[in-house]
2 protein chains.
Amino acid sequence: MRRGAETLFFGSYTNKIDAKGRLATPALFRRALDLERVNAIYCIPSTEEPCLDCGGVDYIETLMASITALDPFSKERRSLERTVTARTSVVSLDKEGRINLPEHLLGHARLNGKALFAGLGHSFQIWNPDEFAAIVPDEEKIAGAAKLSLRNPTPSETAP
Amino acid sequence: MRRGAETLFFGSYTNKIDAKGRLATPALFRRALDLERVNAIYCIPSTEEPCLDCGGVDYIETLMASITALDPFSKERRSLERTVTARTSVVSLDKEGRINLPEHLLGHARLNGKALFAGLGHSFQIWNPDEFAAIVPDEEKIAGAAKLSLRNPTPSETAP
DNA sequence: TGGGATAGCATGGTATTTTATGGGCGGTCA
DNA sequence: TGACCGCCCATAAAATACCATGCTATCCCA
């Protein structure tokens, strides 16, 4: 599996959705995706928020692995399969790196003319830029508190 | 992982931002960065101060490691990802070691014609030189008091 | 010891490539 | 037929690579 910071999603980018419903994926994200392996992005409507959880093959494989690790007949696994696996859309990229989101995903994320890509490391989210801006103040408060509880890591602690 | 004092950021340097927005990274900092691995600097707008927290791959991987150590679906992790990862810009260096900061980072650090690089050991900060000069007296007072509580470190604690 | 050659660095300008975005054309399926 | 999809190409702006200059500090050898 590919690893390292160069395969992670960093930063935020706002792109336009054109008249034909096409949306350009940020160039930096395209490089983080393993498009050689699968020329597609996997999109899952978030259950908690009006946004889409997205990633490449690596992302969906990791997610599937954690679901299939559960007992095959457990209630949890079945509902996870239904809410996650069944809702996941595989959207492929055209030669210019654009995707075409299906109607129900556009609706879920309340997207109209523009879309914001927010890098979350191993995955990224797609938001309506206005909705995203609205949650930022709350996010900052939570993150500010969470930061205090993060231990200050030193390189030697993470070294192999 | 690379270690030792030759990979640390020491000293302060003030460089010019040219008409095209290019800013030369101090040569000593370029050597501390692991540019062979990833030819880029990771910049995060500080939440507390008008400056940018910066470092190389090692720096961001250490930071990401402490975030991914949190429960994947916790509110804290999500907020950290959105306020830290999503705001992190990956700026690449040209052959001469210059970077081109995006507009929102220039704004956050209130940079116009010049930028000051302040080495912090494993990371460094980029400041507007005037803003930095303004906080120095206060910093000296705090540091003077903090020094008294520093244990006397032995070389073996930091050496490989 | 002194002075010229040298190497490294910040900085400046120009050319080339990427990238986001726009539109056209031919199939396909209802 | 007409909405829609995948494909191809066009373009303007922005990002990036490439090449040039001047300064400074260092080194080396007479």
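The values are calculated or read from the model by the stated rules, or taken from the named source; none is laboratory data. Everything numeric here is computed off the predicted structure, so don't read it as measured data. As a convention, Cβ positions derive from the backbone with ideal geometry for all residues, glycine included, and neighbour counts pool all protein chains shown. What goes into the accessible areas is simple: the full protein's heavy atoms, side chains included, and nothing from ligands, DNA or RNA. Shrake-Rupley method; radii C 1.70, N 1.55, O 1.52, S 1.80 Å.
Quick notes on this one:
- Among all residues of region A:49-63, there is none that is more than 29 Å from B:Arg87 (Cβ to Cβ) and not in a helix (DSSP H, G or I).
- B:Gly121 under 15 Å from the mean Cα position of the chain (by Cα), farther than 25 Å from A:Gly119 by Cβ and more than 16 Å from DNA strand D (Cβ to nearest atom): yes
- Test result for A:Ala24, within 16 Å of DNA strand D (Cβ to nearest atom), among the aliphatic types (A, V, I, L, M) and surrounded by 11 or more Cβ atoms within 10 Å (Cβ to Cβ): yes
- Number of positions in region A:64-88 that are assigned to a loop (DSSP other than H, G, I, E, B) and not aliphatic (A, V, I, L, M): 6
- Unique match (being within 14 Å of chain B (Cβ to nearest Cβ) and in a loop (DSSP other than H, G, I, E, B)) among A:Arg2, A:Arg37: A:Arg2
- Candidate set from region A:5-21 (those that are crowded, with 20+ Cβ neighbours inside 10 Å and assigned to a strand (DSSP E or B)); member that is farthest from the other protein chains (Cβ to nearest Cβ): A:Phe9
- Of the residues examined, A:Arg87 is one that is open to solvent by 60 Å² or more (accessible area, probe 1.4 Å), more than 15 Å from DNA strand D (Cβ to nearest atom), within 15 Å of the chain's Cα centre (by Cα) and away from every other protein chain (no Cβ under 14 Å).
- Filtered residue count, region A:112-125, keeping only those that are more than 12 Å from every other protein chain (Cβ to nearest Cβ) and within 13 Å of DNA strand C (Cβ to nearest atom): 3
- Residue in region B:93-106 that is open to solvent by less than 70 Å² (accessible area, probe 1.4 Å), in a strand (DSSP E or B) and either within 16 Å of DNA strand D (Cβ to nearest atom) or within 11 Å of chain A (Cβ to nearest Cβ) (or both) present: yes
- Pairs, first more than 7 Å from every other protein chain (Cβ to nearest Cβ) in region B:58-76, second surrounded by 18 or more Cβ atoms within 10 Å (Cβ to Cβ) and basic (Lys, Arg), C-beta under 6 Å, six or more apart: B:Leu70/B:Arg77
- Some residue of region B:37-58 being more than 17 Å from B:Trp127 (Cβ to Cβ), within 16 Å of DNA strand D (Cβ to nearest atom) and among the charged types (D, E, K, R): yes
- Only residues that are among the basic types (Lys, Arg) and either buried (at least 22 other Cβ atoms within 10 Å of the Cβ) or not in a strand (DSSP E or B) (or both) were counted in region A:112-129, giving 0.
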